[in-house]
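S.K.: Take a look at this one; I'll ask things after.
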Amino acid sequence: MKRILTGLQPTGNITLGNYIGAIRQMKELQDKYDSYMFVADMHAITIPQDKDALSKNTRSLIAIYLACGIDPDKNTIYIQSENPYHANLSWILECNTYFGELSRMTQFKDKSSKHANFTTGLFTYPVLMAADILLYDADLIPVGIDQKQHLEITRDLAIRFNKKYGDTFKVPEPFISTTGTKIMDLVNPTIKMSKSSDNPKGIIYLLDDIKSARKKIMGATTDSEMIIKYDVENKPGISNLINIYSALTNKSISEVEDEFKGKNYGEFKKCVADEVEKLLTNVQEKYKEYIESDIIDVILDKGMEKTIKEAEKKYKEVKEKVGFKR
Ligand code: ATP
Ligand code: LTN
């Protein structure tokens, strides 16, 4: 059985973008693949985090996974920082990564430009991500398109290491769905909807109050053309809403365009808001049950034990290959 693996950072409240780009895909694929889903808390601290918020967000993210339908019987669910081998492998990979290739990462350029002072962790972030993946011989990595460049470097590192030290790592493939790869901010549809951005009006959080989520959709920036047509360049707002509707209903872009031919933006937005409401209501009901329950710790202990064992084996192989042995 092929293995899929993905992680989300506990950097804030989970957004509709995170759901559509990553969680939804894992949910759809979990029946057909051996699935690994984790919380990337070590990636989160590449940007300063409040320690109480970090641990609260970590637990909350597990409850969100479960509430969104990630089945603990079909998935190995774990927290990155509970397994020391991620950082250990990352170091060895860092010593096989060029400064120049990390300097080209657009996420690094983007995030470092927003902070007067940024850490070396932010710079080496993609290497830790490569370690997350290569430790477990994952085949497919479901992510939003913003992570594609990090997967390319993961592949390059795996190939480079295999060439230098002999076959060690499986070379993973990105798994990027054809719809909803990048959900945009509702107020400014030319930037990504991101959980750490500071204008909540443009972001639907999965735990948003339903009324306010509907309001955000109804108030989303559009254009004056009054035609429901997918055209990212000239109609970014409408195209974003089409993407959201298409992802939540499993309809293709052209099916959505046909469905709303001749309708006005108000009618279209109301239908998008209905779909968002359905999703949020369902997720929030389940979230309430999980966040209070001890089941989270049972699942995490199991995931930690299993992944430490597996990662230890792979790390030992790597360690010996690079010459860390007596
Ligand atoms: P941050 O703002 O802290 O960078 P984020 O909202 O970008 O967070 P991540 O934790 O970096 O979220 O990403 C988790 C997953 O969600 C990744 O697979 C990423 O590709 C996906 N993702 C994030 N934002 C979007 C979006 N707007 N549209 C589609 N997928 C997204
Ligand atoms: N960098 C990713 C989170 C992440 C990840 C991973 C995703 C960390 N390690 C391994 C897939 C596989 C992000 O910010 N979305």
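The values are calculated or read from the model by the stated rules, or taken from the named source; none is laboratory data. Just so it is clear, the model here is predicted, and its values are computed rather than measured. Backbone-built Cβ (ideal geometry, glycine too); neighbour counts: all protein chains shown. With ligands, DNA and RNA removed, areas are computed over all heavy atoms of the protein, side chains included. Shrake-Rupley method; radii C 1.70, N 1.55, O 1.52, S 1.80 Å.
S.K.: Give me the one-decimal nm value for the distance between modelled label points at N117 and D156, 7 Å along each residue's Cα-to-Cβ direction.
M.R.: 3.0
S.K.: How large a share of the accessible area of segment 84-205, in percent, is made up of carbon and sulfur atoms when the probe is 1.4 Å and the other protein chains stay in place?
M.R.: Answer for segment 84-205 is 54 percent, counting heavy atoms of protein chains only.
S.K.: Out of all Cα-Cα pairs in the chain, roughly what percent, to the nearest whole number, are more than 31 Å apart?
M.R.: Counting every Cα pair in the chain, those more than 31 Å apart make up 34 percent.
S.K.: Let me ask something additional. Leaving out ligands, DNA and RNA but keeping every protein chain, what accessible area does R59 have, in Å² rounded to the nearest 10, with a 1.4 Å probe?
M.R.: 80
S.K.: If you don't mind, there's one more thing I want to ask. Suppose accessible area is computed on protein heavy atoms with a 1.4 Å probe; arrange Y205, Y98, Y78 from highest to lowest.
M.R.: Reading off the accessible areas and sorting them downward yields Y98, Y205, Y78.
S.K.: Any chance you could look up the accessible area of T76 with a 1.4 Å probe, heavy atoms only, rounded to 10 Å²?
M.R.: Surface accessible to solvent at T76 totals approximately 10 Å².
S.K.: Let me ask another. Please express the shape of segment 206-262 as an equivalent ellipsoid: the semi-axes are the square roots of 5 times the eigenvalues of the C-alpha gyration tensor, given largest first in whole angstrom.
M.R.: 20, 15, 10
S.K.: Considering only protein heavy atoms, what per residue accessible area in square angstrom results for the chain with a 1.4 angstrom probe?
M.R.: Each residue of the chain exposes 48 Å² on average to a 1.4 Å probe.
S.K.: Let me ask something else about it. What is the Cα convex hull volume of segment 145-214 when expressed per residue in Å³?
M.R.: 126
S.K.: Whenever you get a sec, line up C68, C95, C271 from highest to lowest accessible area (probe 1.4 Å, protein heavy atoms).
M.R.: Ranked list, largest accessible area first: C95, C271, C68.
S.K.: Starting from the Cα of K306, step 7 Å along the direction of its Cβ; do the same at D258; then give the gap between the two resulting points in nm.
M.R.: For K306 paired with D258, the spin-label model returns 4.1 nm.
S.K.: Compute log10 of I(q)/I(0) for segment 1-142 with the Debye formula, placing one identical point scatterer on every Cα and leaving out solvent, at q = 0.10 Å⁻¹, to two decimals.
M.R.: For segment 1-142, the Cα-only Debye profile gives -0.35.
S.K.: Cα axis of helix 265-291 to longest principal axis of the chain: angle in degrees, 0 to 90, nearest 10?
M.R.: 40
S.K.: What is the distance, in nm, between label points placed 7 Å from the Cα along the Cα-to-Cβ direction at I145 and at I210?
M.R.: Distance between label points: 3.3 nm.
S.K.: Also, I was wondering about something else. Using R₀ = 30 Å, calculate the FRET efficiency as 1/(1 + (r/R₀)^6) where r is the Cβ-Cβ separation of D297 and T168; round to 0.05.
M.R.: 0.35
S.K.: Whole angstrom only: what separates the Cα centroid of segment 258-297 from the Cα centroid of segment 185-206?
M.R.: If you average the Cα positions of each part, the centres end up 16 Å apart.
S.K.: Give the long-range amide H neighbours of T76: residues separated by 5 or more places, or on another chain, with amide H under 5 Å away, using H modelled in the peptide plane at 1.01 Å from N.
M.R.: Placed amide hydrogens put S35, Y36, M37 under 5 Å from T76.
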